[in-house]
Amino acid sequence: MSAKYKEYQHLNLPAIGEDVLSKWNENQTFEKSIAVRDGAPSFVFYEGPPSANGMPGIHHVISRTLKDLVCRYKTMKGFQVKRKAGWDTHGLPIELGVEKELGITKEDIGKKITVEEYNRKCREAVMRYKDKWDSITKKMGYWVDLNDPYITFDNQYIETLWYLLGELYKKDLLYQSVSIQPYSPAAGTGLSSHELNQPGTYKNVKDTSAVVMFKVVQNEKAQFLFDSLKAQSIQDELFFMAWTTTPWTLPSNLGLTVGPNIDYVAIHTFNPYTGIPIVVILAKNLVSKYFKAENENIDFSTYKEGDKVIPWKVVASFKGSQLADCRYEQLLPFEANTPEIAGGDPFRVIIGDFVTTEDGTGIVHTAPAFGADDYKVGKKFNIGILTLVDREGKFIDGTGEFSGRYVKNYKDDPDYVDVNVDICVKLKKENRAFKIEKYEHNYPHCWRTDKPILYYPLDAWFIKTTALRDQMVALNKEINWKPKSTGDGRFGNWLENMVDWNLSRSRFWGTPLPIWITEDGTEQKCIQTIPQLREEIKKASHLNTQKTLDTVENNIDLHKPYVDDIILMSSKGEPMKRVPDLIDVWFDSGAMPYAQWGLDHEKLAAGDPKPFNAPFDTNYPADFICEGVDQTRGWFYTLHAISSLLYGSVAFKNVISNGLVLDKNGNKMSKRLGNVIDPFKTLDEYGADATRWYLITNAAPWDNLKFDLAGIKEVQRKFFGTLYNTYQFFALYANVDGFKFEEAYIPLKDRPEIDRWIISSLNSLVKKVNELMDDYEPTQAGRAIEEFVDEHLSNWYVRLCRRRFWKGEYEHDKICAYQTLYECLETVLRLTAPISPFFSDALFSNLNEVSKRHEAASIHHVLFPVADESVIDASLEERMQMAQDISSLVLSLRKKVNIKVRQPLQKVLIPVLTQDMKTQIGKIEDLILSEVNVKELQYLTEDNGFIKKRIKPNFIALGKKLGAKMKAVAADLGSFTQEQISLLEKEGQISLFIDNEPLILMINEVEITSEDIPGWMVANKDALTVALDITVTPELINEGNARELVNRIQKIRKDNGYELTDRIEVKVEANDLLATSIEDYKAYICAEVLADQLELIPELSDGTEIEVNDISLKVFVTKKA
RNA sequence: AGAUCCGUAGCUCAGCCUGGUUAGAGCACUACACUGAUAAUGUAGGGGUCACCAGUUCAAAUCUGGUCGGGUCUACCA
């Protein structure tokens, strides 16, 4: 039996997808795609683990399409691409979800519910939507190994994290320190940034703000200030002015921060509260905020205390950098805030980039304990730290009259007296306040207690990323970022301004920090492996319960609360408890290159610096990763940090950061707005191929995508519809003729020009697609394929070649046509396979099952096409483009005068400006003539005077030479006569007078085009001009009628449901108007409609009434038995 | 607040790196045509102050600076 190419009824992409999917499942096509590359070089891909705690959305489909297409492409390029799936299972979103479900808060954990029970709930919740995820993964055609995923809550995984943390610890890159975190004294707990971002936490409140004065100490650094005062005979006290909205932080002040490039001035004036003459320093830009312009330089001697008009005068100006290290007197000294207690070298002016001149005075009161910036800059300049407020939010003992007072009304005390006001009153009395006022600003509040938070130093563990910043920056330069700007800008910038990584989280469900510590904090142990833990606990068995000992020995779970029960022993025999912190979940995912394979204890024992299970060695670093751009400072960063810190290597070599998926109006998709796209519905309705193709080709991956279902429909119809039609066309005729690609491959030189052309274009496309895919530009690649399929293959090659497939015998030309079209289809399918894996596999299999050209069972096992440069013929492609343009021009002319294409016309005129152009068109003459149904093509050369020419400057060439004279020359050329143009053409140059200066213009400095042929219908595009002879002679009408008749008979054949190959007999009712036509073209008509007989009958009783160019007549068609 | 991306036809996008005188496609709309690929296709038409302002230049959608609008990340600070 003879194999046939499968023909379809309709294009049903979802059905094709399902069909292919079940074949993949049956035949283990994915597994085989990896197996067939055994021994080949590996291409390493890392899967960023999603959390199965939420439903997959359409935005997951885009990044997974990108991941998948790169992996499929690389597989087709001959690499082995292993793809281990992963699940991110720890973290706050899961905990919050569980809390919500149980109706509890963080404080209830350990009280209303045990930590054990709570974590069990988290563990259950985390895989809640795993089924949905697995389902979308399969449906969308994302090939990833779901059978053996890495899971971040697995003991093996956590153990590897512990090992890595231990390595950091050994390198002194893991340390404990305080960090300034949002803290709620009312609730007695630190708040995560996530909690701070709850709606409604930021409120507008009115606080007492103060501009206070810090007295400058006269010493070497400040001498220049005093000198300039002395020069002006000013002997009054000199102050720095600083502003604060939290006066309660003033006793903890240890520094004043100025901007190095900000301009400051010293102003001689009077304190508005005390009337004492003073000199104050503040930013020049902010002077007007405190001093009225009309009072500048007025007479000081008339001023009395209490006057509204306060004179002032600028007495010095300087840059902030000049103030560095000037000292000042402590503002509010008490027993508890001496320099000794503060540590460091306080009460100095220091330099900070964060200082602005938008608020305040341009000098920032710096209390390191109560602000992140303050802490950072304070640490940098070693000004010490004072925490004069306790965790309940009240002043500690030793702060004078303020001791024991709450800095805000945290207890809802009706008799609360604002300590901030009292501080300000004190400062006023001491001539240390310049301006006290209520100030309204946005301040964060605790979302549970509604009380203002404060920033408070809390203990935390850090990774010292800053120690290796330079290396991280240098390694980043090795990474190929798509788009580049994300790497240079967003990521590069982030690295430059990096701070140490705060690992600590005070939560319950996560990776515990494996550090045990004695009560006095003098001894620490960092545990790296489970065996090590077992060993250590054995030494401390007397400190632990039997239950704990059993658990550790038999079935340890490296989570809370079990690890917290474990007590180790110090060298001095003291008990050691684990620090209560969990680590940032980002460490979990950033460590996946190592932890996904787990720890190899044998390698570890042998001292291998990278003791991870196989196939780690061949799977690090990654060649490619891809995630949303929101991961830049998330996963991308943590991967990079851990890899740089521990192994001095990049973790990934190429990265695509894709943009967001927005709704069709450009809004973020959110459940609240109800504009989320259900990916399941989309895939079911339109199929994965169209969805994937749309996602990839509609916008560059890193641009935000405005997702519109109408766009998928368009892709479905426009691209897949066209490709499908082309395939159907091929299958239809190939089945009729029994073409199975059995004949030897016909050398291109023996094929017609149009075949050579499409093969040339095809190879140009292959070349381009390879380059673009190698450059991680799938959007460009997809668009190039679209253009080829639509413009070249379908709209030109197939359209022009249709007759070759259904006319004539099965011999040389026909086989050429089949071979050519087959090659195009097969190659295009292979090019599209990474993007649209189902459709391409289906059609490829249809082709291959008949031709058996490839041994592979799936398109995803064959190799990606490689361009054969020897068949690319640029000049052929150029002239075919010309043929398309000329045909389009002729057709547009026909349209203008309403002469249908079926009506033959006599001739076309084309002015040719060069010999080369004439040669080129000559080669495609026949093609054009048959396409536009014209009998002959005449060339007009320049010397016949027929053509009207147009001249314009070649701006690129002339620009450099002429510069400003360009406009004048352009105007001059615009008024050139035909004679001048031909003179220039003949001589090769012409002299002009521009602005009364002579100028020689060369022929290559202008562009001459033909524009018009007097007396003809013309049309032009760029340098091409086409004229059409629209005279319709009686002979031409006869021929047109004959063609029209053929067309009508064909329609009848089709209506009657005849097979393509059926022979017929035709009887036509005699008609004077058509008699000559039918007689003259009888042979032609018969050949076209496969008629063995064509008779003219005077009267026809039966038959179909038809119209041929407004002539009515009857035709009777019968099938020959 | 900082960083970054984006802003071109009603819609989705090219073009911008490397400045050049008619700013392109597709969709949608309108009209006409084609009819053995036919739930396809072709041709033509309308539709743009290339977000705005300034600068550089003979010449700016394109280069520079700024403004506005949208997105994202980071931060929240006297």
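What is the distance in Å between the Cα centres of region A:286-331 and region A:212-257? Answer, in whole Å: 12.
When a/c reaches 1.5 or more, the comparison of a/b and b/c decides; with that in mind, is region A:733-882 rounded, prolate or oblate per its Cα gyration tensor? Verdict is oblate for region A:733-882. Residues whose amide H falls under 5 Å from that of A:LEU705, counting only those 5 or more places apart or on a different chain, are A:LEU660, A:VAL661, A:LEU662, with hydrogens built in the peptide plane.
Using only the C-alpha atoms, the convex hull of region A:409-539 corresponds to 317 Å³ per residue.
Restriction of the GluC sites (Glu not before Pro) in region A:275-347 to DSSP coil positions whose beta-carbon has at most 15 other beta-carbons within 10 angstrom yields A:GLU305, A:GLU329. Amide hydrogen proximity for A:LEU940: with H placed 1.01 Å from N in the peptide plane, the residues at 5 or more positions away or on another chain lying under 5 Å are A:ILE910, A:VAL912.
For region A:265-380, rounded, prolate or oblate, judged on the Cα gyration tensor with a ≥ b ≥ c (square roots of eigenvalues), a/c < 1.5 rounded, else prolate if a/b > b/c? Taking the square roots of the gyration eigenvalues as a ≥ b ≥ c, region A:265-380 is prolate.
Treating region A:673-763 as a set of equal point scatterers at the Cα positions, no solvent, please give the Debye-formula log₁₀ I(q)/I(0) at q = 0.12, 0.20, 0.21, 0.26 Å⁻¹. Listed by q, the Debye log ratios stand at -0.62, -1.02, -1.07, -1.32.
Of A:LYS313/A:LYS428; A:LYS482/A:LYS706; A:LYS539/A:LYS610; A:LYS206/A:LYS313, which ones are farther than 30 Å apart at the Cα?
Details: A:LYS313/A:LYS428 22 Å; A:LYS482/A:LYS706 20 Å; A:LYS539/A:LYS610 28 Å; A:LYS206/A:LYS313 32 Å.
Violating the 30 Å limit, Cα to Cα: A:LYS206/A:LYS313.
Peptide packing for A:229-240, A:352-363, A:41-52 was compared via the average number of neighbouring C-beta atoms within 10 Å per residue; ordered from the highest value, the list is A:41-52, A:352-363, A:229-240. Rounded to the nearest 0.05, the FRET efficiency derived from the C-beta distance between A:ALA1083 and A:ALA3 at R0 = 60 Å is 0.95. In order along region A:333-347, the Karplus-derived 3J(HN,Hα) couplings, from 6.51 cos²θ - 1.76 cosθ + 1.60 at θ = phi - 60°, round to x, 9, 5, 7, 10, 6, x, 5, 5, 5, x, x, 10, x, 6 Hz, and Gly and Pro are given as x. Under the combined filter of DSSP loop state and at most 12 neighbouring Cβ atoms within 10 Å, region A:1026-1121 retains these GluC sites (Glu not before Pro): A:GLU1059, A:GLU1099. Which residues does a label at A:GLU685 reach in region A:1-31, if reach means a backbone N under 14 Å from a point 7 Å past the Cα toward the Cβ? Correct set: A:14. Within the set A:LYS376/A:LYS653; A:LYS215/A:LYS292; A:LYS171/A:LYS572; A:LYS82/A:LYS740; A:LYS577/A:LYS603; A:LYS4/A:LYS77, which residue pairs have Cα atoms separated by over 26 Å? Violating the 26 Å limit, Cα to Cα: A:LYS376/A:LYS653; A:LYS82/A:LYS740; A:LYS577/A:LYS603; A:LYS4/A:LYS77. Each principal axis of the Cα cloud of region A:1-126 was evaluated for its coordinate range; sorted largest first, these ranges are 76, 41, 25 Å. Could you name the lysines whose alpha carbon sits less than 16 Å from that of A:LYS379, not counting residues in the same chain fewer than 8 places away? Answer for A:LYS379, where 16 Å is the Cα cut-off: A:LYS464, listed by chain and number. Cβ crowding within 10 Å, taken as a proxy for footprinting-reagent exposure, orders A:PHE1116, A:PHE587 from fewest neighbours to most as A:PHE1116, A:PHE587.
Based on DSSP H runs of at least 4 residues, each adding -39500 (n - 2.57), what is the mean residue ellipticity at 222 nm of chain A after dividing by all its residues, to the nearest 500 deg cm²/dmol? Don't skip to the end; give the middle numbers.
Values: 41 runs with 426 residues, N = 1121.
Calculated from helices alone, the mean residue ellipticity at 222 nm is -11500 deg cm²/dmol.
Number of Lys-Lys pairs in region A:950-1090 with C-alpha atoms under 22 Å apart and a separation of 8 or more places or on different chains: 11. What are the aspartates and glutamates whose alpha-carbon lies under 18 Å from the alpha-carbon of A:LYS900, with same-chain residues fewer than 8 places away excluded? Partners within reach: A:GLU931, A:GLU936, A:ASP1029, A:GLU1035, A:GLU1039, A:GLU1044, A:GLU1107, A:ASP1110. Amide H to amide H distances under 5 Å link A:ARG578 with A:ILE517, where only residues 5 or more positions off or on other chains count and H is placed in the peptide plane. From largest to smallest, the equivalent ellipsoid semi-axes obtained for region A:115-197 from the alpha-carbon gyration tensor read 33, 22, 14 Å.
Over all other residues within a Cβ to Cβ distance under 12 Å of A:ASP422, the charged ones net out to +2, with Lys and Arg as +1 and Asp and Glu as -1. Each semi-axis of the equivalent ellipsoid for region A:620-779 is √(5λ) with λ an eigenvalue of the Cα gyration tensor; in descending order they amount to 40, 26, 13 Å. Could you sort out which of A:LYS67/A:LYS718; A:LYS112/A:LYS451; A:LYS923/A:LYS1120; A:LYS203/A:LYS304 sit more than 31 Å apart by Cα distance in this structure? From A:LYS67/A:LYS718; A:LYS112/A:LYS451; A:LYS923/A:LYS1120; A:LYS203/A:LYS304, over 31 Å: A:LYS923/A:LYS1120; A:LYS203/A:LYS304. Over region A:1049-1100, the pair-distance histogram of Cα-Cα distances with 5 Å bins from zero comes to 5, 19, 30, 24, 15, 6, 1 percent, rounded to whole numbers.
What the Cα atoms of chain A give is an Rg and a Dmax of 41.7, 131 Å. With θ taken as phi - 60° and the Karplus curve 6.51 cos²θ - 1.76 cosθ + 1.60 applied, the whole-hertz 3J(HN,Hα) list for region A:392-407 is 8, x, 10, 5, 6, 5, x, 10, x, 5, 8, 3, x, 8, 6, 6 Hz, x standing for glycine and proline.
Over every Cα atom in region A:72-153, the radius of gyration and the widest Cα-Cα span, Dmax, amount to 17.7, 58 Å. State log₁₀ I(q)/I(0) for region A:776-839 at q = 0.11, 0.15, 0.21 Å⁻¹ as given by the Debye formula over alpha-carbon point scatterers of equal weight, solvent excluded. Ignoring solvent entirely, the Cα scatterers give -0.32, -0.55, -0.87.
Out of the GluC sites (Glu not before Pro) in region A:484-570, which ones are loop residues according to DSSP with at most 11 other C-beta atoms within 10 Å?
Numbers: sites: A:GLU496, A:GLU519, A:GLU523, A:GLU535, A:GLU536, A:GLU553; in loops: A:GLU519, A:GLU523.
Here the sparse-neighbourhood loop sites are A:GLU519.
If we sort A:710-718, A:176-184 on the protection proxy, mean other Cβ atoms within 10 Å, highest first, what's the order? Display every interim value, and only then the final one.
Details: A:710-718: 16.9, A:176-184: 19.7.
Most protected by this proxy first, the peptides run A:176-184, A:710-718.
Put simply, the convex hull of the Cα atoms in region A:564-628 casts, on average, a shadow of 7.2 nm². Over region A:1002-1093, the fraction of Cα-Cα pairs per 10 Å bin, rounded to whole percents and listed from the shortest bin up, is 13, 30, 18, 16, 13, 6, 2. Please state, rounded to one decimal and in Å, the Kirkwood hydrodynamic radius that region A:866-968 gives when every pair of distinct Cα atoms enters the mean of 1/r. After inverting the mean inverse Cα-Cα distance, the result is 16.5 Å.
Computed from the coordinates by the stated procedures, all read-outs in this text should not be read as laboratory data. All figures in this text were calculated on a predicted structure; none of them were measured in a lab. As a convention, Cβ positions derive from the backbone with ideal geometry for all residues, glycine included, and neighbour counts pool all protein chains shown.
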